[in-house]
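Got a structure here, written out as structure tokens. Questions coming.
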């Protein structure tokens, strides 16, 4: 499954876009100056995404990767 397919599946399940998850990260206090704070661990974000959006581990990790800037959504 491609990274974009993960994002598409997440959006279909939650109704949230990648930009919505970026805004969620800011709201949660995970982001400083547009980047993920180094003291915020993947496990914290994954647990919150599972709880708040009902995501599975793999999909939550895809959002973590998005937030880390490792992957960007296709245009």
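Values in this text are rule-based calculations from the coordinates and carry no lab data. For clarity, every value in this text was computed on a predicted model and none was experimentally measured. Glycine gets a Cβ as well: all are built from the backbone with ideal geometry, and neighbour counts include every protein chain shown.
Once you have the alpha carbon radius of gyration of segment 3-68, what is it after dividing by 2.2 N^0.38 Å, with N set to its residue count?
For segment 3-68, the normalised Cα radius of gyration is 1.00.
Another question, if that's okay. Could you give the angle, 0 to 90 degrees to the nearest 10, between helix 57-68's Cα long axis and the longest principal axis of the Cα atoms of the chain?
Once rounded, one gets 50 degrees.
Neighbouring Cβ atoms within 10 Å as the yardstick, rank 3, 21, 53 fewest first.
The most exposed by this proxy come first: 3, 53, 21.
On C-alpha positions alone, give me the angle between the axis of helix 18-28 and the longest principal axis of the chain, in degrees, nearest 10.
Orientation of helix 18-28: about 30 degrees from the principal axis.
7 Å from Cα along Cα→Cβ at both residue 61 and residue 11: what's the point-to-point distance in nm?
About 2.3 nm, to one decimal.
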